[in-house]
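Asks: Next up is a structure, given as structure tokens.
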Amino acid sequence: MTAIPPFPQGPFVTGAVCQICGKTVAPLNMGYVCPDHAGKLENEGILDLRYDYQAARSAFTPEALARGPQTLWRYRSLLPLPLDAETPPLVTGWTPLYESPRLARLLGVARVLIKDETRQPTASLKDRASALAVAQAKSMGLTTVACASTGNAAAALAGMAASMNLNCVIFVPASAPQAKVAQLLAFGARVFTVQGSYDDAFDLCMAACRVRPWYNRNTAYNPFMTEGKKTAAFEIAEQSGWEVPDRVFVGVGDGCIIGGLHKGFADLKALGLTTRLPRLMGVQAAGSDYLHQAWHNNEAPLTKPAIPAHTVADSISAGLPRDRLKALAAVRETHGAFIKVDDPTILQAIPTLARNTGVFAEPAGAAALAGALAAAQTGNLSPEETICLLITGSGLKDVASAIQACTDQNLTPTAVSVGRKGLKQTLEKVE
């Protein structure tokens, strides 16, 4: 395996802990995975970073954060990156948190908050992790970054790499939406389309990174991606006046985003900025419900085999979720749940979200609302609750699915004949 330089560290990083054996790894010895499992269980997302929270309290205060930039880098004192390291110029993070009274009435809850990650530079939450990835790679003196993706992580990495003049190599399944592949090509990434699933693309990328001096951004294998994604939790809390919602709903595929939310909310509690964790609600497509199965049946995630995965929500399609340990811990330790919804329900949620909030989501992003609607229909939500929907990606990533969703609900354009007569007849129909 090709050796790469030591990973850069933030000011309060104390090391990492293996999620399988509990081994503590010192900062200077930290690699992608626990040294006792390297080459054996290397795809399991087994390292979790640790911080000196007591020491960090003086730097990570509401007052200090308010003086920082309105980007994710306002939180860099609790990120694994030196304070003087160069970061991408793209404005990443500090996305809007909207309140939606109409969705609150629809769901029968007190408040609904919408965390709109469609506003990121490449239009998905994955920009948070990729921004940290390219900053680390640059700090390490590496010139090439790589990952496997169904589209969003790849676009995020390619865009961030382009902004910092780094080479980017991407492996995507051939089924990835054209809009996402177009982003990769426009950003100048070298793209390999894999005749197979996301899991096949992941394995090929891992094999390539073993023999090339590339920074490996792959979800779960790289524990630092959790740290980038946790900044969404920081923002939800800070933008809510340090009052966390009762529940957060998010679409789940590989499990890194929900694991990052858990880490972020746990960090805030350890720092004394909040007093509790929200219940984390992972929403999975029925055709890609590995984690729902494992949670519902209390199965062991390290021995449960991969399942066939197929869903219109490509961003949450994973037959073997790579960050399954952290994802299951996120739900179990917050007394949350995994919810599965079928593809038609996910598609229906796209226009429902758009008409009620003005936020246009791809299927994986709209899955958060689909899961909340399913929870409401089964009586699992309380009238006094505040819930947050994490909308992870823009509908412009997959316009075909949005068109299909509107067609299925007969939300088709009104035909208008040419001329004043046609206009008058149309206006009469509108009235």
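Asks: Which percent of the accessible area of the range 225-382 is formed by carbon and sulfur heavy atoms (probe 1.4 angstrom)?
Replies: Of the solvent-accessible surface of the range 225-382, carbon and sulfur hold 50 percent.
Asks: List residues of the range 239-268, by number, whose backbone nitrogen lies under 18 Å from a label position 7 Å along Cα→C-beta of A376.
Replies: So the set is 245-251.
Asks: Continuing with this model, one more query. For A26 and A207, what does the FRET efficiency come to when R0 = 22 Å and r is the distance between their Cβ atoms, rounded to the nearest 0.05?
Replies: Numbers: r = 29 Å, r/R0 = 1.30.
Efficiency at R0 = 22 Å is approximately 0.15.
Asks: What is the distance in Å between the Cα centres of the range 298-376 and the range 197-228?
Replies: 22 Å
Asks: Accessible area, 1.4 Å probe, largest first: how do L353, L90 sort?
Replies: Numbers: L353 0, L90 60 Å².
Sorted descending by solvent-accessible area, the residues read L90, L353.
Asks: While we're looking at this one, here's another question. Could you order peptides 162-172, 237-247 by the average number of other Cβ atoms within 10 Å of their residues, highest first? Working shown, then result.
Replies: Working: 162-172: 20.6, 237-247: 16.9.
By packing density, highest mean first, the sequence is 162-172, 237-247.
Asks: Then there's this: How tilted is helix 152-163 with respect to the longest principal axis of the chain? Cα atoms for both, answer in degrees (0 to 90, nearest 10).
Replies: Rounded to the nearest ten degrees, it is 70.
Asks: Okay, next question. Using each residue's phi in the range 95-104, evaluate 6.51 cos²θ - 1.76 cosθ + 1.60 at θ = phi - 60° and report the 3J(HN,Hα) Karplus result to the nearest Hz, with x for Gly and Pro.
Replies: Whole-Hz 3J(HN,Hα) from phi for the range 95-104: 6, x, 10, 9, 9, 10, x, 5, 5, 4.
Asks: Right, another one. Too long at a 31 Å Cα-Cα cut-off: which of K23/K180; K23/K397; K126/K340; K180/K269; K138/K304; K138/K340?
Replies: Numbers: K23/K180 39 Å; K23/K397 40 Å; K126/K340 22 Å; K180/K269 36 Å; K138/K304 37 Å; K138/K340 39 Å.
Pairs exceeding the cut-off: K23/K180; K23/K397; K180/K269; K138/K304; K138/K340.
Asks: Same structure again: Report the one residue of A306, L325, L347 whose Cα lies farthest in the direction of the positive end of the charge dipole of the range 304-350 (charges on C-beta: Lys and Arg +1, Asp and Glu -1; origin at the Cα centre).
Replies: L325
Asks: For the chain, give me the percentage of DSSP beta bridges that are antiparallel, rounded to the nearest 5 percent. Walk me through the numbers on the way to the answer.
Replies: On the way: 12 of 45 bridges.
The antiparallel fraction comes to roughly 25 percent.
Asks: On to the next question. State in Å² the accessible area per residue of the chain; use a 1.4 Å probe, count heavy atoms of protein chains only, and round to the nearest integer.
Replies: 39 Å²
Asks: What are the residues whose amide H is under 5 Å from the amide H of K340, where those residues sit 5 or more places off or on another chain and H is modelled from the backbone?
Replies: Those lying under 5 Å, H to H, from K340 are Q284.
Asks: For L411 and A182, compute 0.36 nm times the residue count separating them, minus their Cα-Cα distance, and round to one decimal in nm. Kindly include the intermediate steps, with their values, before the conclusion.
Replies: Details: separation 229, 0.36 × 229 = 82.44 nm, distance 2.74 nm.
Stretched out fully, the L411 to A182 stretch lengthens by 79.7 nm.
Asks: Here's something else I'd like to know. By how many nm would the segment from L396 to L83 grow when fully extended, if each residue of separation counts as 0.36 nm and the alpha-carbon distance is taken off? Let's see the in-between values first.
Replies: Values: separation 313, 0.36 × 313 = 112.68 nm, distance 3.47 nm.
The L396-L83 span can extend by a further 109.2 nm.
Asks: I've got another one for you. Can you give me the angle between helix 420-430 and the longest principal axis of the chain, using Cα atoms only, in degrees from 0 to 90, rounded to the nearest 10?
Replies: So the inclination is approximately 70 degrees.
Asks: Would you mind putting 7-13, 185-191 in packing order, based on average other-beta-carbon counts within 10 Å, highest first?
Replies: Numbers: 7-13: 19.3, 185-191: 16.3.
Final packing ranking: 7-13, 185-191.
Asks: As a check on your grasp of the helix formula, calculate [θ] at 222 nm for the chain: sum -39500 (n - 2.57) over DSSP H runs of n ≥ 4, divide by the residue count, round to the nearest 500. All intermediate terms of the calculation are to be shown ahead of the outcome.
Replies: Working: 16 runs with 163 residues, N = 431.
Using -39500 (n - 2.57) per qualifying helix, the result is -11000 deg cm²/dmol.
Asks: Can I ask one more? Can you sort R102, R57, R119, R324 by solvent-accessible area, 1.4 Å probe, largest first?
Replies: These residues rank, largest area first, as R119, R102, R57, R324.
Asks: Then there is this: Placing +1 on the Cβ of each Lys and Arg and -1 on the Cβ of each Asp and Glu in the range 111-241, which of A174, I236, A156 has its Cα farthest towards the positive end of the resulting dipole?
Replies: After comparing all options, I get A156.
Asks: What does the extension gain come out to for M140 and Q195, with contour length at 0.36 nm per residue minus their alpha carbon separation? Provide the component values of the computation, followed by the final result.
Replies: Working: separation 55, 0.36 × 55 = 19.80 nm, distance 3.28 nm.
Full extension from M140 to Q195 adds 16.5 nm.
Asks: Still on this structure, I have one more. Tell me, what does the Kirkwood hydrodynamic radius of the range 61-129 come to in angstroms if you use every pair of distinct C-alpha atoms?
Replies: 14.1 Å
Asks: What do you get for the angle between helix 126-139 and the principal long axis of the chain? Use alpha-carbon atoms, 0 to 90 degrees, nearest ten.
Replies: With rounding to tens, the tilt is 30 degrees.
The values are calculated or read from the model by the stated rules, or taken from the named source; none is laboratory data. This structure is a prediction, so every number in the text was calculated from the model and none was measured. Here the Cβ is made from the backbone with ideal geometry for all residues, glycine too, and neighbour counts use every protein chain on show. Protein only, heavy atoms only, side chains kept; ligands, DNA and RNA dropped before computing areas. Shrake-Rupley method; radii C 1.70, N 1.55, O 1.52, S 1.80 Å.
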